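Undergrad: I have a structure here, written as structure tokens, and I will follow up with some questions on it.
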DNA sequence: CTTGTGGAATTGTTCAACAACCTTCTAGCC
DNA sequence: GGCTAGAAGGTTGTTGAACAATTCCACAAG
């Protein structure tokens with residue numbers, strides 16, 4: 001091993017996390033998180049320990065460990081002696097999420113000046129436009145979330161990225177119960193492009209102002225749609 | 001019950017969370033979190049399931065549920081097949097925490113204009129100054145964290161408050177292993193006061209600039225002290 | 001229509017067991 | 001001596017069963 005070039009050793013070290021066998025709890029958590037994000041588990045659904053454990057082929061104790069993680073991620077709600085339920089977002093939650101996104105994403109825009117790390121941002125914008133041409137609105141939604149996560153990642157902060165990923169996962173709870181994804185995502189494709197262009201032109205001040213407007217408008221649209229769908 | 005004034009019913013509804021009996025997992029999580037914050041469990045300590053479970057009088061399964069929560073809060077590190085360890089913060093972690101604090105706390109300052117919610121901020125400043133007069137540097141540290149959490153709370157966002165609380169809990173991991181708390185906290189008492197005064201004078205622009213300087217300076221001081229203590 | 005009451009179902013927690021894994025020590029080899 | 005392989009012991013990962021406590025639901029009684 002001593003004769004290997006240091007580059008290769010570094011790559012293997014990076015792979016270590018990937019190939020580390022994962023625990024059952026981890027896999028169960030991932031499966032449930034994906035199912036919730038995909039809308040396969042509707043908001044309010046109760047996740048019975050016995051039924052779910054039987055379906056997934058894991059014990060109640062293992063499942064309960066996974067529930068603790070998902071509850072901390074706010075994707076499920078744990079009610080004492082009653083069980084865990086898929087979270088359902090209210091207008092107040094959506095408003096809170098957008099407020100928090102503003103804090104994190106504007107910090108990303110502010111710290112973008114001069115850094116050559118704009119590639120993921122541009123890539124997400126292009127992916128969204130491409131998906132829109134294909135009429136694949138689910139892919140548009142994915143690209144939109146990827147765009148905003150990339151903006152937050154401009155801070156270079158591991159924690160900001162983790163928080164933002166969690167917030168966007170929560171938002172999927174709201175998207176999952178709403179109809180007409182096109183009306184929800186199409187208007188913002190152009191604005192993502194605009195923000196990306198402003199960043200590329202090193203006009204972070206303008207990009208921040210536009211981002212704030214974007215987030216306020218998106219919040220208004222979603223809250224309005226939620227109140228409308230609620231009837 | 002129909003004859004009760006609506007005010008009373010509202011108050012009882014608010015009390016509902018308070019009187020809810022707590023689970024064993026919840027109590028264990030709280031105990032461990034407090035012990036870690038107080039420095040009673042040093043960084044790097046392995047938390048043996050059998051030993052800790054025996055000491056606390058809870059089963060391994062219950063303890064493992066608590067571990068999942070603490071790991072998600074980044075207060076412990078869970079290493080597969082090796083156990084959980086009290087987290088130890090490196091300089092990179094501290095830098096990341098301060099970067100994230102900047103995003104959240106400056107948002108608080110920006111949204112403070114005109115709001116009459118400055119009372120908790122002023123209270124924390126006064127508490128810090130009072131504790132400093134008594135030479136109680138542990139209480140000064142408490143008041144300092146309370147001040148910054150109050151600044152974040154100016155956003156009115158539940159999530160920002162939760163994130164900030166988590167970040168400050170993490171920071172205690174670094175404080176716990178450092179000597180001379182006075183040198184660590186005293187220089188910042190005056191600056192907390194200054195920020196609070198700027199907010200009270202509705203000069204949020206200046207308060208934000210000062211807060212950014214504050215956080216950068218604090219980060220530098222702590223990272224320097226960490227490298228120094230590490231030898 | 002509200003208030004008890006009983007029973008079924010579910011959660012909260014513990015315990016015991018076993019496989020898988022990590023760490024350490026020992027023995028043997030060059 | 002220094003290094004490698006392998007055995008031994010201890011710890012974690014996961015399961016299944018058990019029981020108390022609690023919630024939920026239906027139904028009877030006032």
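The values are calculated or read from the model by the stated rules, or taken from the named source; none is laboratory data. Treat the numbers as computed from the prediction; the structure is a model and nothing was measured. Note that we place each Cβ from the backbone using ideal geometry, even for glycine, and neighbour counts take in every protein chain shown.
Undergrad: Looking at residue A:111 and the list (1) surrounded by 22 or more Cβ atoms within 10 Å (Cβ to Cβ); (2) closer than 30 Å to residue A:213 by Cα; (3) within 13 Å of chain B (Cβ to nearest Cβ), which single condition is not satisfied?
TA: Result: residue A:111 fails condition (1) only.
One line per residue, one yes/no per condition, for (1) without any contact (Cβ under 8 Å) to a residue 24 or more places away in the chain; (2) closer than 21 Å to residue B:161 by Cα; (3) touching a strand residue (DSSP E or B) at 6+ places or on another chain (Cβ under 6 Å):
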| position | (1), (2), (3) |
| --- | --- |
| A:154 | no, no, no |
| A:162 | yes, yes, no |
| A:188 | no, no, no |
| A:194 | yes, no, no |
| A:200 | no, no, no |
| A:203 | yes, no, no |
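Undergrad: Could you say whether any residue in the stretch B:134-147 is out of contact with any strand residue (DSSP E or B) (no Cβ under 8 Å at 6 or more places or on another chain) and within 10 Å of another protein chain (Cβ to nearest Cβ)?
TA: Going through the stretch B:134-147, the residues out of contact with any strand residue (DSSP E or B) (no Cβ under 8 Å at 6 or more places or on another chain) turn out to be B:134-147.
Next cut, within 10 Å of another protein chain (Cβ to nearest Cβ) only: none.
No: the stretch B:134-147 contains no residue that is out of contact with any strand residue (DSSP E or B) (no Cβ under 8 Å at 6 or more places or on another chain) and within 10 Å of another protein chain (Cβ to nearest Cβ).
Undergrad: Another question, if that's okay. Name every residue in the stretch A:47-101 that is at positive phi and either touching a helix residue (DSSP H, G or I) at 6+ places or on another chain (Cβ under 8 Å) or buried (at least 16 other Cβ atoms within 10 Å of the Cβ) (or both), in order of residue number. Step through it out loud before you land on a result.
TA: Within the stretch A:47-101, the subset at positive phi is A:57, A:74, A:81, A:83.
Matches in the stretch A:47-101: A:74, A:83.
Undergrad: Here's another thing I want to ask about it. Being in contact (Cβ under 8 Å) with a residue 24 or more places away in the chain and surrounded by 12 or more Cβ atoms within 10 Å (Cβ to Cβ) is the filter here, so list the residues in the stretch B:218-228 that pass it.
TA: Our first condition is that a residue be in contact (Cβ under 8 Å) with a residue 24 or more places away in the chain; within the stretch B:218-228, this holds for B:218-219, B:221-223, B:225-227.
Those that are in contact (Cβ under 8 Å) with a residue 24 or more places away in the chain and surrounded by 12 or more Cβ atoms within 10 Å (Cβ to Cβ): B:218, B:219, B:221, B:222, B:223, B:225, B:226.
Undergrad: List every residue pair whose Cβ atoms sit under 7 Å apart, with the two residues 6 or more apart in sequence or on different chains, where the first one lies in the stretch A:41-56 and is touching a residue at least 60 places away in the same chain (Cβ under 8 Å) and the second, anywhere, is more than 10 Å from DNA strand D (Cβ to nearest atom) and in a helix (DSSP H, G or I).
TA: Here the result reads A:43/A:173, each pair linking the stretch A:41-56 to a residue that is more than 10 Å from DNA strand D (Cβ to nearest atom) and in a helix (DSSP H, G or I).
Undergrad: If you don't mind, another one. Output the number of the condition that residue B:49 fails; it satisfies all remaining conditions of (1) more than 16 Å from DNA strand C (Cβ to nearest atom); (2) outside the structural domain of residue B:183 (by TED's automatic domain parsing).
TA: Condition not satisfied by residue B:49: (1).
Undergrad: Take residue A:102 and tell me if it is modelled with pLDDT of 95 or more and either more than 9 Å from every other protein chain (Cβ to nearest Cβ) or not in a strand (DSSP E or B) (or both).
TA: Working: modelled with pLDDT of 95 or more: yes; either more than 9 Å from every other protein chain (Cβ to nearest Cβ) or not in a strand (DSSP E or B) (or both): yes.
Yes; evaluated as a whole, the condition is true for this residue.
Undergrad: Could you tell me which of the residues A:164, A:184, A:171 is surrounded by 19 or more Cβ atoms within 10 Å (Cβ to Cβ), within 30 Å of residue A:72 (Cα to Cα) and away from chain B (no Cβ under 14 Å)? Before you say what the answer is, go through the steps one by one.
TA: On the way: A:164 fails: away from chain B (no Cβ under 14 Å); A:171 fails: away from chain B (no Cβ under 14 Å).
None of the others qualify; the one that does is A:184.
Undergrad: For the stretch B:17-44, name all the residues that are surrounded by 16 or more Cβ atoms within 10 Å (Cβ to Cβ) and either within 14 Å of chain A (Cβ to nearest Cβ) or within 16 Å of DNA strand C (Cβ to nearest atom) (or both).
TA: B:25, B:26, B:28, B:29, B:32, B:33
Undergrad: Further question on the same structure: Just name the residue that is modelled with the highest pLDDT out of those in the stretch A:1-42 that are within 16 Å of DNA strand D (Cβ to nearest atom) and assigned to a loop (DSSP other than H, G, I, E, B).
TA: A:23
Undergrad: Could you list all residues from the stretch B:57-76 that are without any contact (Cβ under 8 Å) to a residue 24 or more places away in the chain and either farther than 19 Å from residue A:166 by Cβ or within 8 Å of chain A (Cβ to nearest Cβ) (or both)? Break it down into steps so the answer makes sense when it comes.
TA: Step one: of the stretch B:57-76, the residues without any contact (Cβ under 8 Å) to a residue 24 or more places away in the chain are B:57, B:59-61, B:64, B:67-68, B:71-72.
Hits for the stretch B:57-76 are B:57, B:59, B:60, B:61, B:64, B:67, B:68, B:72.
Undergrad: Next question, about the same structure. Do we find a residue being under 21 Å from residue B:131 (Cβ atoms) and either at pLDDT 95 or above or in contact with a strand residue (DSSP E or B) (Cβ under 9 Å, 6 or more places away or on another chain) (or both) anywhere in the stretch B:205-216? Let's see the steps before the verdict.
TA: Step one: list which residues in the stretch B:205-216 are under 21 Å from residue B:131 (Cβ atoms), which gives B:214.
With either at pLDDT 95 or above or in contact with a strand residue (DSSP E or B) (Cβ under 9 Å, 6 or more places away or on another chain) (or both) added as a condition, the list becomes B:214.
Yes; the residues of the stretch B:205-216 include at least one that is under 21 Å from residue B:131 (Cβ atoms) and either at pLDDT 95 or above or in contact with a strand residue (DSSP E or B) (Cβ under 9 Å, 6 or more places away or on another chain) (or both).
Undergrad: Which residues, taken from the stretch A:148-160, are part of a helix (DSSP H, G or I) and at the interface with chain B (Cβ under 10 Å from one of its Cβ atoms)? Please lay out each step first, then the result.
TA: Within the stretch A:148-160, the subset part of a helix (DSSP H, G or I) is A:148-153, A:158-160.
A:152, A:158, A:159, A:160 - these are the residues of the stretch A:148-160 that are part of a helix (DSSP H, G or I) and at the interface with chain B (Cβ under 10 Å from one of its Cβ atoms).
Undergrad: Answer yes or no: is there a residue in the stretch B:68-86 that is closer than 30 Å to residue A:62 by Cβ, touching a strand residue (DSSP E or B) at 6+ places or on another chain (Cβ under 7 Å) and away from DNA strand D (no atom under 15 Å from the Cβ).
TA: no
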